[in-house]
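A.B. asks: Questions regarding the structure given below will be posed in turn.
Throughout, read-outs are computed from the coordinates displayed, never taken from laboratory work. Being a predicted model, the structure only gives us computed values, none of them experimental. Here the Cβ positions follow ideal geometry from the backbone for every residue, glycine too, while neighbour counts run over all protein chains shown.
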Amino acid sequence: MRRFVLSFLFMPLLVLAGCASTPAVRIDRDPVADLASYKTFAFFDQVEIDGGRYSSLLTEHLKTSTRAELERLGYVYDERAPQLRVNFFLSVAYAQEIHATPAPGPLGWRFYGAWGGYDVHTEQYKAGTLSIDLVDTGRNSLVWEGVAEGKVRREALDDPRAAVHKIVAAMFSRFPGSPSA
């Protein structure tokens, strides 16, 4: 009976640990802006690097996924006269987590505290932050921002197109408005 109660108490921790592998998505918006009043969008111009303009493959994945999500919501791509401009920010950095687990004590049992001590190991990984901003071109002000943060998994490195699409879709699943007809 005691084992059942302990496993019941630890179940929520296991569920939360399983959820930690997906990026955390936060949304913020200008409370005054009526996102349903906008109808058109485009992307900010590319940045000039070393005297030339080019777009990375990752930028193209971001543009393709963002365009698909905005068009799914009813917005129209219009490079000449957009009401909204889309901007991206992506950062990837190395991070560390320290994990401690009870070390075996006398008789091989695991105890927390002085008897068994702890086994400590450090996990190094890449942490990523993706931000998608929608800027009102008339007011030149930010009206919506989606931010995703989390560990960059091996699957994302192996198939960045699918990873970008999944994250962008998660951000826009919480988008509050669509253009009014």
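A.B. asks: Tell me, what ³J(HN,Hα) does each residue in region 93-102 have, in order and in whole Hz, if you take phi through Karplus 6.51 cos²θ - 1.76 cosθ + 1.60 with θ = phi - 60° and put x for Gly and Pro?
C.D. replies: Going residue by residue, I get 9, 6, 9, 9, 10, 10, 10, 10, 10, x Hz, with x marking Gly and Pro.
A.B. asks: Can you list residues whose amide H is under 5 Å from V76's amide H, if they're 5+ apart or on another chain and H is modeled 1.01 Å from N?
C.D. replies: For V76, whose amide H was placed from the backbone, the distant partners under 5 Å are T40, F41.
A.B. asks: Now, a different point. Given R₀ = 35 Å, FRET efficiency for F44-E123 by Cβ-Cβ distance, to 0.05?
C.D. replies: Working: r = 36 Å, r/R0 = 1.03.
Efficiency, rounded to the nearest 0.05: 0.45.
A.B. asks: Here is a follow-up. If you stretched the chain out fully between A169 and S56, how much longer would it get, using 0.36 nm times the residue separation minus the C-alpha to C-alpha distance? Could you put the intermediate results ahead of the total?
C.D. replies: Numbers: separation 113, 0.36 × 113 = 40.68 nm, distance 2.03 nm.
My answer for the length gained is 38.6 nm.
A.B. asks: Per residue of region 126-136, what does 6.51 cos²θ - 1.76 cosθ + 1.60 with θ = phi - 60° give for ³J(HN,Hα)? Whole Hz please, x for Gly and Pro, Karplus curve as stated.
C.D. replies: Couplings: 9, 10, x, 10, 10, 10, 10, 10, 10, 10, 5 Hz.
A.B. asks: A further question follows. May I ask for the net charge around A68, where only other residues with Cβ less than 14 Å from the Cβ of A68 are counted and Lys, Arg are +1 while Asp, Glu are -1? The partial results should precede the final answer.
C.D. replies: Numbers: positive: K63, R67, R72, R161, K166; negative: E60, E69, E71.
Value of the local net charge: +2.
A.B. asks: Here is a follow-up. Assuming R0 = 45 Å, can you tell me the calculated FRET efficiency for the pair R72 and V92, based on Cβ-Cβ distance, to the nearest 0.05?
C.D. replies: Using R0 = 45 Å, I get an efficiency of 0.95.
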